[in-house]
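Following: one structure in structure tokens, then a few remarks.
The values are calculated or read from the model by the stated rules, or taken from the named source; none is laboratory data. None of these values were measured; they are calculated from a predicted model. Cβ placement follows ideal geometry from the backbone for every residue including glycine, while neighbour counts extend to all protein chains displayed.
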Amino acid sequence: MTTEEIIESIQAEIDRLEQVRTLLSGRVTASAKRGRPFGSTTLATAKPSRKMSGAGRARIAAAQRARWANTKRK
């Protein structure tokens, strides 16, 4: 083994031990987190929030009241 190979091997072992230490201590590094990275969406790419019309909200409320009335009758 050359000196460079030994140094690479030692560095790989250090990296592995740091990962084990992180897992055992309960800390989560940024690379270990799941999901989309923080700040990956901007306002330009984010979808606008949906708005429900008053008529649509009234239809849903009426349907729910009908369901409640139906369960009270039984």
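For the condition within 16 Å of the chain's Cα centre (by Cα) and either modelled with pLDDT of 90 or more or surrounded by 10 or more Cβ atoms within 10 Å (Cβ to Cβ) (or both), what is the one hit in Ala32, Ala58?
Ala32
Does Ser40 fit the bill of being loosely packed, with under 10 Cβ neighbours inside 10 Å, hydroxyl-bearing (Ser, Thr, Tyr), modelled with pLDDT under 95 and assigned to a helix (DSSP H, G or I)?
no
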